[in-house]
Structures are given as C-alpha cells and as structure tokens.
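So the structure is just underneath, and the comments pick up after that.
The values are calculated or read from the model by the stated rules, or taken from the named source; none is laboratory data. Computed from a predicted structure; not experimentally measured. Ideal geometry is used to build each Cβ from the backbone, glycine not excepted, and the neighbour counts take in all protein chains shown. To get the accessible areas, we keep the full protein, side chains included, count just its heavy atoms, and leave off ligands, DNA and RNA. Shrake-Rupley method; radii C 1.70, N 1.55, O 1.52, S 1.80 Å.
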Amino acid sequence: MSLRIGHGVDAHRLVEGRPLVLGGVHVPFDHGLMGHSDGDVAAHALTDAVLGAAGLGDMGRHFPSSDEQWRGADSLDLLRRAAAMARDAGLSVASAQVVVIATEPRLAPHVDTMAARLAAALGVEVDRIAVSASTTDGLGFAGRGDGIAASAVALLAPIS
Ligand code: MG
C-alpha cells in the first residue's frame with residue numbers, strides 16, 4: 001500500500017457562554033464555538049483528514065451529532081478514535097497540518113500547544129504535526145468574528 005492523503009474542512013459558529021477549545025487547548029476568549037461536541041474545529045478538520053486518507057468516510061459517519069453518545073464530546077477523543085481506526089486499517093499518520101482561520105482571538109501563542117495535543121491524540125511525535133493560524137483580512141464569517149474555520153491535511157503511511 002502506498003502513501004495516502006486526506007483533507008478536512010470545518011467551521012463552527014462563535015457564541016457567548018461556551019469555552020473556546022481549539023486543537024484541544026482552552027483559549028481564553030469571551031466567545032466559544034457552538035457544537036454538539038466541544039466544537040473544536042481544528043480537531044474536527046484533522047479527524048476528517050485522517051478518516052478521509054484512510055478511506056474510512058468522515059466524522060458524520062462515525063460520530064453523528066444525532067447520537068447522544070457524542071454530546072459534549074472531547075474532540076481529541078474523537079481524533080484518537082479516528083487514528084485507532086486508521087491503525088486498524090494498517091495506516092499511521094506520517095505528517096499533518098492544520099490551519100485555523102480566525103480574526104480573534106490571537107492564536108499564535110497557542111499553536112505549539114495545539115500541535116502537541118493533536119500529536120498526542122494521534123499517537124505520533126509532535127514534529128509530525130504543524131498548526132498555523134490565518135485570517136481572512138476581515139472578509140466573510142471568519143472576518144466578522146461570527147465563526148472560526150479550520151482546514152487540515154494528513155498524510156498516512158502503511159505501518160511497516
Ligand atoms: Mg465540526
């Protein structure tokens with residue numbers, strides 16, 4: 001089996017009264033992401049990238065929001081489960097990158113911790129995971145601060 005690449009994209013609405021969780025990190029902010037789980041768009045995009053690369057579908061298939069089991073779920077746990085499914089299929093994460101798109105808050109101080117948490121959930125060394133933060137120059141929902149988006153790619157390699 002050869003290398004396999006996957007891509008995931010997610011976005012959630014910012015609302016008052018929720019903690020902001022990104023890449024498994026509680027980021028201090030006066031709004032948080034709405035969602036059936038903790039709303040962690042970075043973890044969700046990466047989970048979809050891993051599942052897609054492994055040919056295992058997507059989060060909606062494995063962790064549907066219609067299932068009460070996943071209400072308030074820790075998204076790092078969902079990522080951990082996706083990595084375990086990929087391993088069961090004979091694949092491990094060779095590298096991955098997540099880009100978080102937000103106007104506020106400033107995420108640069110948190111990206112290294114996010115990478116460490118995501119790597120730990122995937123069961124790989126931290127230097128295999130990159131997290132970066134981007135903005136949209138004020139454009140669209142992310143520019144207005146209505147929500148936060150994330151995009152992720154994951155490269156999976158056969159377990160030797
Ligand atoms: Mg999501």
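For the set M34, M59, solvent exposure ranked by accessible area (probe 1.4 Å, protein chains only) runs largest to smallest as M34, M59.
Estimated purely from DSSP H runs of n ≥ 4, each contributing -39500 (n - 2.57), the mean residue ellipticity at 222 nm for the chain is -8500 deg cm²/dmol once divided by its residues.
Taken about its Cα centre, the chain carries a charge dipole of about 300 debye when Lys and Arg each add +1 at the Cβ and Asp and Glu each add -1 at the Cβ.
Across the accessible surface of region 4-158, with the other protein chains kept in place and a 1.4 Å probe, carbon and sulfur atoms take up 51 percent.
Ranking of T103, T47, T136 by solvent-accessible surface, largest first: T103, T136, T47 (1.4 Å probe, protein heavy atoms only, all chains present).
Shown is the FRET efficiency for F141 and D88, computed with R0 = 35 Å from the Cβ-Cβ distance and rounded to the nearest 0.05: 0.45.
I need the calculated FRET efficiency for the pair Q69 and M34, taking r as the beta carbon distance and R₀ as 25 Å, to the nearest 0.05.
0.85
On a 0 to 90 degree scale, rounded to 10, what angle separates helix 111-122 from the longest Cα axis of the chain? It works out to around 40 degrees. Relative to the longest principal axis of the Cα atoms of the chain, the long axis of helix 75-88 lies at roughly 20 degrees. Kirkwood analysis of region 4-158, using all unique Cα-Cα pairs, places the hydrodynamic radius at 15.1 Å. Looking at the chain, the accessible area is 48 square angstrom per residue; that uses a 1.4 Å probe and ignores ligands, DNA and RNA. For region 1-88, the normalised intensity computed at q = 0.15, 0.16, 0.25 Å⁻¹ comes to -0.54, -0.60, -1.25 (log10 of I(q)/I(0), Debye sum over alpha carbons, equal scatterers, no solvent). Shown in residue order for region 23-35 are the 3J(HN,Hα) couplings computed by the Karplus curve 6.51 cos²θ - 1.76 cosθ + 1.60 at θ = phi - 60°: x, x, 9, 7, 9, x, 6, 8, 10, x, 8, 6, x Hz (x for Gly and Pro).
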